[in-house]
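Inspection log for the structure reproduced underneath, given as C-alpha cells.
The values are calculated or read from the model by the stated rules, or taken from the named source; none is laboratory data. Quick caveat, the model's predicted, so the values are computed rather than measured. Reconstructed Cβ throughout: ideal geometry from the backbone, glycine too, with neighbour counts over all protein chains shown.
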Amino acid sequence: MREYEYHAPESFGRLFELASADGVESRFLAGGTDLTPRISAERNQIPRYKKPPLRILYLGALGLDSVTDAGEDVTIGALCTLSSLLENAVVKAKLPALHEALTEMAGVSIRNTATIGGNIMNASPAADSVPALLVLGTECTLRSASGERRVALAEFFTEPGKTVAKPGEVLVSVTVKAGRGGSSFKKLGRRKAETLSVVNAAAYVELRDGVCEAVRVAVGSAAPTVVRCADTERALVGRKIGEDSIRAASSLVEKAISPIDDIRASAWYRGRVAPTVVARAISAAAERKRG
Amino acid sequence: MSRILKFNLNGNPAEVKVGEADTLLEALREGLAFTSPKCGCNHGDCGACTVIVNGDAVKSCTVIALTAEGKNVWTVDGLAKGGKLHPVQKAFHEYGAPQCGYCTPGMVMAAVAFLNRHPSLSSLTEEEVKDALSGNLCRCGGYKKYAQAVIAAARGDFGPLPEQEGSGKNV
Ligand SMILES: Cc1cc2nc3c(=O)[nH]c(=O)nc-3n(C[C@H](O)[C@H](O)[C@H](O)COP(=O)(O)OP(=O)(O)OC[C@H]3O[C@@H](n4cnc5c(N)ncnc54)[C@H](O)[C@@H]3O)c2cc1C
Ligand code: FES
Ligand code: FES
C-alpha cells in the first residue's frame with residue numbers, strides 16, 4: 001500500500017519546505033470533506049502501480065480563518081468553515097448571494113468542517129460558492145515560497161478539478177466586492193438538502209429607476225467550469241427589468257453552456273432548466289435591490 | 001507510518017495509535033473499539049458516522065484523525081449519565097424512531113449538537129429539525145418519528161436537557 005504522512009505546519013516557511021520535498025506527492029488538507037473520502041477510497045484499492053508517498057499538509061494551524069471587512073470589499077480567509085460564514089453578519093449583510101449559496105450547501109455536519117477555500121480549490125463545476133463569488137467580483141490570493149499573487153476568480157478555473165494555482169501554491173484568502181447592487185444565488189438539486197447542484201446560478205444587478213445599469217450572471221454545473229453568461233448580460237443592460245426582459249435574456253444562457261450527462265442529470269435536462277434557474281437568480285437579485 | 005493521537009473522548013483523556021491517513025471514524029472504531037459511529041458509506045454522504053467535535057456535529061469519516069489532536073470528541077456512548085439515558089435517547093426510544101437502528105447513533109449526535117446550539121428551544125420549528133438531521137440518512141425511512149422525537153425532547157417531555165459535559169454543550 002501507498003505510504004501516507006501527515007503534517008500540520010504552523011508557519012508558511014515550514015509548509016513550503018514540506019511541500020517542496022522531492023520524492024513525495026504533497027496535498028493540502030482543509031476540512032477534508034472532498035479529500036478524505038478520496039484518500040479512503042484509494043486506501044481501499046489494491047494499487048496497480050507503485051505511487052510515491054502522499055504527504056498530507058493540514059492547513060488548519062496557519063490561522064487563515066478570519067473575515068475582514070474593509071468597507072468596499074470583504075476578505076475571507078480560505079480556512080473559514082461554511083458554518084462560520086453562514087453565521088457571519090458581514091457576509092449576510094454585504095454579500096447576499098454568497099450567504100444564500102451557503103444556506104444551500106450540504107447539511108450542517110458537512111458545513112461544520114468544509115471550508116470556502118476547499119470548495120474553490122476542489123474546482124468542481126458544481127461548487128456552489130463559485131457562481132456567487134464570481135458575480136460579486138472576487139480575487140483569489142495565492143501564496144507560495146516566492147510570495148503572493150492575486151488572480152481574478154474569473155480566470156481561476158481551467159477545467160474540472162483544475163485551477164491556475166501551481167503545485168505548492170496555497171489559496172490564503174478571497175477578496176469579494178460588496179457592490180451597491182443586489183445579488184442572489186439559486187440552486188436546483190435532486191433533493192432539498194445535502195445534494196450537489198444539477199444546475200446553479202447567481203446574479204448581481206444594479207438598477208436605476210427600474211432600468212438595469214450593470215449586471216453579472218453566472219451559471220454552474222452546466223459547463224466544464226462555472227461560466228459567465230455574456231449574452232444574457234448584454235440583453236439586460238439598459239433595459240427595464242421585468243418578467244419578460246428577464247425571461248428573454250435568460251433563454252440566451254444556452255450560448256454560454258455545454259452541459260453533459262452525469263449521475264445527477266442529463267445534458268438535455270440541464271439545458272432545459274438552466275434558463276429557469278438563471279431567471280430566478282436575476283429576479284431575486286433585482287428584487288433584493290428594490291426591497 | 002503510525003502516530004499517537006491524543007484527544008478527549010466523552011470527557012476522558014484518550015490515546016490511540018493511528019495511521020497518518022486514518023479517519024477519525026477508523027480511530028474510534030478500530031483503534032478504540034468505540035463502534036457506535038457506523039461506517040455507512042465512508043464518503044460523507046450518510047451521516048451514520050456523526051460524532052460531536054468541539055461542540056459541532058461532524059461526519060467522522062471525512063475527518064483525518066490527526067486533525068482531532070487535543071479536541072473534545074463525543075460519541076453516543078458518553079451521553080447516558082448514571083445509567084440514565086439522555087433526553088434525546090429517551091425520546092427516540094419512546095417514539096419508536098429506530099427501526100434497524102443503524103442510523104440511530106448518528107441521528108442522536110446530530111440531534112444533541114443541534115439542541116445544544118439552538119438559542120431558543122421553545123420556539124423551535126419542525127423545519128429546523130429536519131434541516132439539522134438532513135445529513136443523516138435512514139434507510140428504514142423513519143424520518144418523521146425522529147423529527148417528532150427531537151421536538152418532544154426540545155419541549156422537555158423527557159426531562160431537562162443536561163447542561164453538563166455529557167450534553168456536548170461544554171465540549
Ligand atoms: C455530503 C456532502 C455534501 C456536499 N454538498 C455540497 C454542496 O451542496 N455544494 C458544494 O459546492 N459542495 C458540496 N460538497 C463538497 C464539499 O463539501 C465542498 O467542496 C467543501 O467546501 C470542500 O472544502 P474542504 O475544506 O472540505 O476541502 P478539502 O477536502 O480539505 O480539500 C478539497 C481540495 O482542495 C484543496 N485545498 C483545500 N484548501 C486549499 C487551500 N487553502 N489552498 C490550496 N488547496 C486547497 C485540497 O488539496 C483538495 O484537493 C459536499 C460534500 C459532501 C461530502
Ligand atoms: S460513513 Fe460517514 S457519512 Fe457515511
Ligand atoms: S433505523 Fe434503519 S437506517 Fe434508520
Q | Scope region B:122-154; condition away from every other protein chain (no Cβ under 12 Å), closer than 20 Å to B:ILE52 by Cβ and part of a loop (DSSP other than H, G, I, E, B); matching residues | A | B:LEU124, B:CYS138
Q: Pick out, from region A:144-249, the strands (runs of 3 or more DSSP E) lying fully within it that include 1 or more residues that are within 30 Å of A:PHE16 (Cβ to Cβ) and within 22 Å of the chain's Cα centre (by Cα).
A: A:147-152, A:157-159, A:170-177
Q: Just give me the residues in region B:89-121 being away from ligand 3 (no atom under 15 Å from the Cβ), more than 13 Å from chain A (Cβ to nearest Cβ) and without any contact (Cβ under 8 Å) to a residue 40 or more places away in the chain, in sequence order.
A: B:SER120
Q | Single residue of A:ILE56, A:ILE39 found to be within 14 Å of chain B (Cβ to nearest Cβ), in contact with a Leu (Cβ under 6 Å, 6 or more places away or on another chain), β-branched (Val, Ile, Thr) and more than 30 Å from A:LYS186 (Cβ to Cβ) | A | A:ILE56
**Q.** Any chance A:THR158 is within 16 Å of ligand 1 (Cβ to nearest atom) and within 24 Å of A:GLU104 (Cβ to Cβ)
**A.** no
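Quick grid of which residues meet (1) within 14 Å of ligand 1 (Cβ to nearest atom); (2) under 25 Å from B:ASP131 (Cβ atoms):
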position: B:ARG3; (1), (2): no, no
position: B:LEU28; (1), (2): no, no
position: B:ALA48; (1), (2): yes, yes
position: B:GLY96; (1), (2): no, yes
(Q) Tell me whether region A:91-109 contains one or more residues that are touching a residue at least 24 places away in the same chain (Cβ under 8 Å), among the hydroxyl-bearing types (Ser, Thr, Tyr) and closer than 29 Å to A:GLU10 by Cβ. (A) no
**Q.** Test: A:VAL277 is in the same structural domain as A:ALA202 (by TED's automatic domain parsing), buried (at least 21 other Cβ atoms within 10 Å of the Cβ) and assigned to a helix (DSSP H, G or I)
**A.** yes
Q. Within region B:1-53, can you find the residues that are farther than 23 Å from A:GLY107 by Cα, part of a loop (DSSP other than H, G, I, E, B) and without any contact (Cβ under 8 Å) to a residue 24 or more places away in the chain?
A. B:MET1, B:LEU32, B:ALA33, B:THR35
Q) Quick one: which strands (runs of 3 or more DSSP E) sit completely within region A:33-143 and have at least 2 residues that are of a type outside the set (Val, Ile, Thr) and surrounded by fewer than 24 Cβ atoms within 10 Å (Cβ to Cβ)? A) A:54-58, A:73-77
Q | Looking only at region A:213-236, and only at residues there that are hydrophobic (A, V, I, L, M, F, W, C) and surrounded by fewer than 24 Cβ atoms within 10 Å (Cβ to Cβ), the one that is farthest from A:ALA178 (Cα to Cα) | A | A:ALA223
Q: State whether the residues of region A:12-29 include one that is closer than 18 Å to A:CYS80 by Cα, buried (at least 19 other Cβ atoms within 10 Å of the Cβ) and not assigned by TED's automatic domain parsing to the domain that holds A:ARG143.
A: yes
(Q) Let me confirm something: among A:ARG216, A:ARG191, which residue is within 14 Å of chain B (Cβ to nearest Cβ) and out of contact with any Pro (no Cβ under 7 Å at 6 or more places or on another chain)? (A) A:ARG191
Q. Counting only residues that are facing chain A (nearest Cβ under 8 Å), in contact with a Phe, Trp or Tyr (Cβ under 9 Å, 6 or more places away or on another chain) and not in a loop (DSSP other than H, G, I, E, B), which one in region B:54-80 is farthest from ligand 3 (Cβ to nearest atom)?
A. B:LEU66
Q | Residues (of a type in the set (Asp, Glu), within 16 Å of ligand 2 (Cβ to nearest atom) and within 11 Å of the chain's Cα centre (by Cα)) located in region B:24-83 | A | B:ASP56
Q: Using the structure shown, decide if A:ARG239 is under 14 Å from A:CYS212 (Cβ atoms), surrounded by fewer than 19 Cβ atoms within 10 Å (Cβ to Cβ) and in contact with a Ser or Thr (Cβ under 6 Å, 6 or more places away or on another chain).
A: yes
Q | region A:1-26: number of residues that are at the interface with chain B (Cβ under 10 Å from one of its Cβ atoms) and not in a loop (DSSP other than H, G, I, E, B) | A | 4
